[in-house]
Each structure stands twice: as structure tokens, then as C-alpha cells.
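Structure, as C-alpha cells:
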Amino acid sequence: MTDNRIGSVVVVGGGTAGWMSAALLARALGDTVRIRLVESEEIGAVGVGEATIPQIRHFNAFLGLDENTFLAATQGTIKLGIEFVDWRSPGQSYLHAFGDIGRPLGAVPFHHYWLAGRPKGDDHSLWDYSLNARAAFAGRFDRTVRKAGGAAEPLTHAFQFDAALYARFLRAHAERLGVVRTEGKILSTALREPDGFVRSVTLESGEVVEGDFFIDCSGFRGVLIEQALKTGYEDWSDLLPCDRAIAVPTANVEPPRPYTQAIARPAGWQWRIPLQHRTGNGHVFCSRFISEDEAVAQLTANLEGEMLAEPRTLKFVTGRRNKFWNKNVLALGLASGFMEPLESTSIHLIQSGLSRLLNLFPDKGFAQRDIDEYNRQAGLEYERIRDFLVLHYWANQRQEPFWKACRETAVPADLIRKVELFRAHGRLFKEPDDLFLEASWLQVLVGQGIMPDGCHPMTGQLTDDQLLGFLADLRKITADGAAALPAHGDFIRQQCAAR
């Protein structure tokens, strides 16, 4: 009987996407498949995204990576959420914190009780009920927190790290698992007849690298998915108009915050990501409303520490490939599409793409129905994330021309439906393939000034005293839990300091 199993996978491109792909496939497939990664040291990785969301902990755990070792190797710090500064209007800020907000009562989500308490005189912030928010702004962290009664619960967290060091760390791990790395630039791609599948790539050295299945992690160039297969690109710049980013590292001036900052600027926003050895900074902006020189000037005028390198510019078009998987090529990372790092989703999209691939891993027949299903699921995830990002821009009250244009943008119907459902009675529901849960939507909606006109009628089952007492008890539990945590800087020094 003919063996139709995939025998070899070629990963084109290194960086975060390439080495995540190689490491995960080697761990999942073992020695049943030969995995080879082709990269050139002359082609630099973009590496602007250094902040993540909590799902990366599952990826690292699957690989068997020790969290402290990983953080030390990547100069990593802890991330409890993202602070959005001046997004609604100048002088106002909020945190998109990881983890839960408060506690539900029965079938009614907590935020309805918070809404019910407001007209009864309880004007406490939504974030007074978030352990992550309290810990973040107090500069505290531990992996578990003691709650009332002495029970220990995990604290939902992600990481801020040096993406180049993470790729290097994963490379060493992948090579231990048997991945073979080949140094060299790709000169050409050969397609087989008559189906147009990729047969091989030829390097500048003349070496021909063949494979059954190819993972394109070659960045914006899309060496296989676009240059060879002409897959096409769906442009979303009408919804997310920023098209440039300027990045620069700076020296730390204080103990690193356990959260990322996204600070609104007149024609975009600035990121600030504290690591152990430096702070990553960048200015994402729309070139239709500000020149590159002005954008650099705004960024350098708002840095907290001394610049450690010259600013560098990245140009991009927000959107996605028409197909993420085309024939025997799967695109991941920047080769698959790009959405600005506003909610730190870039690395997660690599992770979710790999998870989806394992569920639909092909044989040499490459069943089209499986490829179509991968593309359907990935497309929905991209669209849900896109809509969540659009919400940040659309729901603003700033007066600069860029922000007025964002406010006047015709946004997707699904986003309008979700906002109006929340505006009426505070109702939130998770959509299929939506990365962000109800607590995430809640914080951004409230943070951007969209408040419901009412709340769930079942909150009326509590008397006023019961309701206000319930809210007061939750605030105390949350405050006490955060206060008991050690300082984030102490945690880093004691657990995972870089050597």
C-alpha cells in the first residue's frame, strides 16, 4: 500500500513565526516527519511585537519550556494587561486587564450588578473589581494570589519579551528536537506540473530544498504564498488606516511595569513595552495625516529613557491573504497578514494558526475541504480581531483630523450590532472564533465611553443593601488580594532575572 503521509516539512523564514512553527511541529510530530528551516541571517526579522496575551503560556507549556528559564533567556517581564492612555479623549485612560472582572451571581454576569449599583450611589470604577488591574497599577505580581479563606488562585498573565531572543531560544529548543536549519537566501521557487504545488526552493548557493509541505514565514514578502502562488491580499486600510510604525529601544528609567501601554497620539498611537534590559517603544501612525519626520519627532519627544539605537521605520498595509493555506503552502506570521500590535495579537495568530494546522494536518493528497475549513476558521478569527481593534479607533471623542476620520468610518455591521446590544442593556455574547471574551469587550466599551442605558432585570432580585454589600465585599477581596502580592521587580529578581 502507498504511504501517503507527509514526510517532510520545509519552513521558509526564521524569526518568531519560523521558529515557533518548527519547534511546535517537531514537538507534535516527533521523528515521523523531517522538518527543515531555511533562513538567511542577512534578512533581518521585523520583531516589533514584544508583548503577548495569556494564550502563549499554553504554547510554551506544550513545548515543555520552563517559564522562569524562558523569561530569563528573553529578558522577559510579566504583562497583566494593556493601559490605553488618551484614547477616548486626552486625560482619560483605562486598562484592558486580563482575567475576570468581579464575580457573577447565578446566571447574571457581574457587570450587570456593577451597572445596577451606579444609580444607587456606588460610583466605583469597573477596574476596582479586577485583580489584574489593581496588581498592575500597584506594580505587583505573583503566579498565584491568596483569596478570602486562604485559597490560592492563579493570576492570569502573559509576557513582555525580546522577540529576537525568543526566536533564538526557540531555535535552540527546536534543534534539540531534530529540526535542521539551513542558512541561505531563496533564489527561486519551482512549481510542479500540472497542479502548481510548490516542489522545491533553490538557494543562492545552488542547493535545492524539496518538501511535501511548506510553511511560509518569510514576512511581508510572502516568498511562497504570494511571490510563487499569487494568492492575493485583502486590504483593510479603510477600517484600520495606520500604515507606518517607527520603533526605537530606550534605557529603563524605573522598575518595569507589569503591563503594556498604548498612548494615543494626534495621528496614531505609541507603544511602551518594558523589558528587563530595556524598554521597547514605537509610534504607529497614518501617513495621510502626519509625515514620517513629524512622527519620529513625536515619538522621541515622549520617550521615558535614553535612546539605545536609531529609530527604524516599518511600512505595512493592514489586511490578510485571500487564502492563508493555498495548495501545499501555509502562511504564518507577517506572510499571512498584518494587524497592528494594538492588542498584542501577532504572536497569538501564529500560535492559533499552528494549532489549527495540527487539527487539520494533511497527507500528500491535501484534501481541499480541509484546506477550505482552515481558511474559513482563520478568516473568521482575523475578522473578529479586526473588529475589536476598529472599536478602539471608532469609539473616540478626540478632535484631531485623524481621530475624526476614524469616528466617521463605516464600520462592519457585526461590530455595530454588538455595540448596540451592549448599549441597550449591557448584553455581551462571545461570537464563534472570537479571540476576545466578554470581559475584554466590556473593558474597551466602557473605557471608550460606551455605557449601557440599562442592565439585566434579574439584578432587581437583590435589595439595595444586598447589592451594595455584594459590591463592597468584592472590592475588598480584590484589593486585599492585590496588596498581598510581591513587587513585580522583586518577583523578576527572585524568579527569572536574566543573566
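Numbers for the structure displayed
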| quantity | calculated |
| --- | --- |
| Contact order relative to length of segment 244-315, as percent, for alpha carbon pairs under 8 angstrom and 6 or more apart | 45 percent |
| Rounded FRET efficiency, nearest 0.05, which uses the C-beta distance separating residue 497 from residue 315 and R0 of 41 Å | 0.65 |
| Potential lengthening between residue 182 and residue 277 on full extension [0.36 nm per residue; Cα-Cα distance subtracted] | 31.1 nm |
| Helix 464-483 vs. the chain, principal-axis angle (Cα, 0 to 90°, nearest 10) | 50 degrees |
| For peptides 389-399, 4-14, 460-470, sequence by mean Cβ density within 10 Å, most packed first | 4-14, 389-399, 460-470 |
| Potential lengthening between residue 450 and residue 484 on full extension [0.36 nm per residue; Cα-Cα distance subtracted] | 8.9 nm |
| Point-to-point label distance, residue 41-residue 304, nm (Cα→Cβ direction, 7 Å offset) | 3.4 nm |
| Helix 346-359 axis, angle to the chain major axis (alpha carbon atoms, nearest 10°) | 60 degrees |
| Candidate aspartates and glutamates for bridging to residue 476, where Cα separation is under 20 Å - those fewer than 8 sequence places away on the same chain excluded | 100, 122, 123, 128, 142, 153, 464, 465 |
| 29 Å Cα-Cα threshold exceeded, pairs from 79/404; 79/315; 185/230; 315/418; 315/404 | 79/404; 315/418 |
| Residue 151-residue 233 pseudo-label distance in nm [points 7 Å out on the Cα-to-Cβ vector] | 5.0 nm |
| Cα centre as origin, Lys/Arg/Asp/Glu Cβ charges: segment 244-315 dipole, Debye | 300 debye |
| Formal net charge of residues neighbouring residue 260 (Cβ-Cβ distance under 12 Å; K, R +1; D, E -1) | 0 |
| Cα→Cβ-extended label distance, 7 Å offset, between residue 461 and residue 103, nm | 1.6 nm |
| Segment 14-37 versus segment 426-466: alpha-carbon centroid distance in Å | 41 Å |
| Theoretical FRET efficiency, 1/(1+(r/R0)^6), r = Cβ-Cβ of residue 367 and residue 208, R0 30 Å, to 0.05 | 0.65 |
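A short reminder: the numbers here are calculations on the coordinates, not readings from a lab. Keep in mind the model is a prediction, meaning the values are calculated, not measured. Positions of Cβ are generated from backbone atoms using ideal geometry, with glycine treated the same way; all protein chains shown enter the neighbour counts.
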